[in-house]
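Worksheet: one structure, shown below.
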Amino acid sequence: MASVAGPEIERLIQLLARLPGLGPRSARRAALHLIKKRDALMTPLAGALQTAIERVQVCKVCSNIDTQSPCTICMDARRDPTTIVVVADVADLWALERANAAPGKYHVLGGTLSPLDGVGPGDLTIDALVARAHAPEVTEVILALNATVDGQTTAHYITDLLQEAHVKVTRLAHGVPVGGELDYLDEGTLSAAMRQRTLF
Ligand code: ZN
């Protein structure tokens, strides 16, 4: 696409276009919006980015991101210390927090095992998870991983490693989504829901 602005503005557009969900066209619109809202938006955004660069770090316990390590969740005494909820990514942690669905503390793996993409156990924080699961206060590890081939491969791999940790290993149920209609579900989801039916 031909340049319509000077190199500094083009650079801003190119950087914005790398954000998830923004293509080149949306990036142009976002850049123009930022430029028009220079005082109300662009200056505070630049400040927030600079603060994030200086202060955001990875939690040394659970690999969550926060401005402190151990992170706010690891330091929260009201959270159940007997349960570790394992997620692939910080986005999944945020989703569970939005739903207020996780009872304990977290462990962020940093991805899932994926031989095709060259992601092996050494690329994830699996060793740290196994070490945490051996702590005397931990009684349950909940594998809150994606219901994809990679997610389930990772769940099986971790379950094998936790055999000697004397913890209950559970995973999220697969089945009918809240508000879901049976007629619209795929066969895999329907048969999983039938297999994992619960007492009414
Ligand atoms: Zn943490």
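Annotations
- Length gained when the stretch Ala95-Ala40 is fully extended (0.36 nm per residue, less Cα-Cα span): 16.9 nm
- Lysines whose Cα lies under 25 Å from that of Lys60, excluding same-chain neighbours fewer than 8 positions away: Lys105, Lys168
- Net charge contributed by nearby residues that have their C-beta within less than 10 Å of Val61 (K/R +1, D/E -1): +3
- 17 Å Cα-Cα reach of Lys36 towards aspartates and glutamates, excluding residues that sit fewer than 8 places from it in its own chain: Glu8, Glu10
- Within a Gaussian network of the chain (alpha carbon springs, distance under 10 Å), most fluctuating of Ala48, Ala128, Ala88: Ala48
- Solvent-accessible area assigned to carbon and sulfur over the chain amounts to 58 percent, based on a 1.4 Å probe.
- Using the Cβ-Cβ distance between Ala17 and Lys60 with R0 set to 35 Å, the FRET efficiency from 1/(1 + (r/R0)^6) comes to roughly 0.55.
- Net charge over other residues, Cβ less than 15 angstrom from the Cβ of Gly104 (K, R count +1; D, E count -1): 0
- Legend: P(r) of the chain from all alpha carbon pair distances, 10 Å bins from 0, whole percents, reading 7, 25, 27, 22, 14, 4, 0.
- Taking the DSSP beta bridges with both ends in the chain, the antiparallel portion is around 20 percent.
- Nitroxide proxy distance, nm - points 7 Å out along Cα→Cβ at Thr170 and Ala77: 2.6
- Glu140-Arg29 pseudo-label distance in nm [points 7 Å out on the Cα-to-Cβ vector]: 4.4
- With each label modelled as a point 7 angstrom along the Cα→C-beta vector, the Ala147-Ser114 pair spans 2.0 nm.
- Loop trypsin sites (Lys or Arg not before Pro), segment 1-63 (other Cβ atoms within 10 Å of the site Cβ: 14 or fewer; DSSP): Arg18, Lys37, Lys60
The values are calculated or read from the model by the stated rules, or taken from the named source; none is laboratory data. Small disclaimer: the values here were computed from a predicted structure and weren't measured. Virtual Cβ from ideal backbone geometry, glycine too; neighbours counted across all protein chains shown. These area figures cover heavy atoms from the full protein model, side chains too; ligands, DNA and RNA do not enter into them. Shrake-Rupley method; radii C 1.70, N 1.55, O 1.52, S 1.80 Å.
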